[in-house]
Amino acid sequence: MTEAESWLLEMRLFKVHPGTRDEFHRISEEGTIPMMRRYGINVLDFGPMLNDENGYFLLRAFRSEEERVEKSQAIYATAEWEENYDAPVTAMIADYRTAVIPATHALSPTLVGQPA
């Protein structure tokens with residue numbers, strides 16, 4: 001398997017409690033997304049859904065399922081996450097789903113060379 005073929009996309013779809021999406025976005029934009037990137041997580045895009053006033057998405061890319069699990073578990077176990085984001089973010093989320101899919105051949109080459 002080539003490097004381009006091994007990338008996975010993780011799409012998280014959040015349903016936040018009514019009236020909290022703007023604050024959820026602010027915390028994401030100013031805090032959690034920059035933190036994820038500092039810890040080596042490749043965040044491709046994030047933001048409010050266009051078709052759901054309480055919906056929010058997070059799209060991340062990983063080189064493998066092992067990397068996805070490892071980096072996700074590591075970031076959520078940090079003192080920075082626990083002290084700054086765990087309680088407020090968790091309180092805003094009513095529900096969420098995670099889909100992990102292979103990156104398409106059209107998208108994969110753009111991911112090659114991304115920081116680990």
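The values are calculated or read from the model by the stated rules, or taken from the named source; none is laboratory data. Everything numeric here is computed off the predicted structure, so don't read it as measured data. Cβ coordinates were reconstructed from backbone atoms using ideal geometry, including for glycine residues, and neighbour counts include every protein chain displayed.
Can you tell me how many residues within the stretch 83-104 are assigned to a helix (DSSP H, G or I) and closer than 25 Å to Leu9 by Cα?
5
Being outside any loop (DSSP other than H, G, I, E, B) and in contact (Cβ under 8 Å) with a residue 24 or more places away in the chain is the filter here, so list the residues in the stretch 34-43 that pass it.
Across the stretch 34-43, the qualifying residues are Met35, Met36, Asn42.
Scan the stretch 27-42 residue by residue and report those that are crowded, with 16+ Cβ neighbours inside 10 Å and within 23 Å of Pro102 (Cβ to Cβ).
Passing the criteria: Met36, Ile41, Asn42.
Please work out if Arg63 is within 25 Å of Ser6 (Cα to Cα) and without any contact (Cβ under 8 Å) to a residue 40 or more places away in the chain.
No; evaluated as a whole, the condition is false for this residue.
Among the candidates Phe57, Phe14, Phe24, Phe46, which residue alone is among the aromatic types (Phe, Trp, Tyr), touching a Phe, Trp or Tyr at 6+ places or on another chain (Cβ under 7 Å) and either in a loop (DSSP other than H, G, I, E, B) or surrounded by fewer than 18 Cβ atoms within 10 Å (Cβ to Cβ) (or both)?
Phe57
Is it the case that Lys71 is basic (Lys, Arg), touching a residue at least 24 places away in the same chain (Cβ under 8 Å), surrounded by 14 or more Cβ atoms within 10 Å (Cβ to Cβ) and in a helix (DSSP H, G or I)?
So Lys71 passes the test.
Looking at the structure I just gave you, is Pro109 surrounded by 12 or more Cβ atoms within 10 Å (Cβ to Cβ) and either at pLDDT below 95 or under 15 Å from the mean Cα position of the chain (by Cα) (or both)?
yes
Pairs needed: first member in the stretch 80-106, at pLDDT 95 or above and surrounded by 13 or more Cβ atoms within 10 Å (Cβ to Cβ); second member anywhere, in a helix (DSSP H, G or I) and of a type in the set (Gly, Ala, Ser); C-beta distance under 7 Å; at least 6 residues apart or different chains.
Asn84/Gly31; Tyr85/Gly31
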